[in-house]
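Please read the structure below before turning to the comments.
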């Protein structure tokens, strides 16, 4: 989440710079591209965070039935004939 917050601040700062430039300024297009870049990075980090949370939850759900597997194996007795 920290990377997403960093990109959020960068995008916000870039928007302020973009808004302060006059319309005919030569760097206006560059600043707009920077703003788009930081917005895309923020979205990417958001999606990666959501996927990580989903996979962690799924893994915990799938791993829960085998949590007491070792205890079950201790109760099983093997008899050799």
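All of the numbers you see were taken from the coordinates with simple rules; none came from a lab. Model, not experiment: these values are computed from the prediction. Here the Cβ is made from the backbone with ideal geometry for all residues, glycine too, and neighbour counts use every protein chain on show.
Here are some notes:
- Extending 7 Å from Cα along the Cβ direction at residue 53 and again at residue 37 yields two label points whose distance is 2.9 nm.
- Contact order relative to length of the range 1-63, as percent, for alpha carbon pairs under 8 angstrom and 6 or more apart: 45 percent
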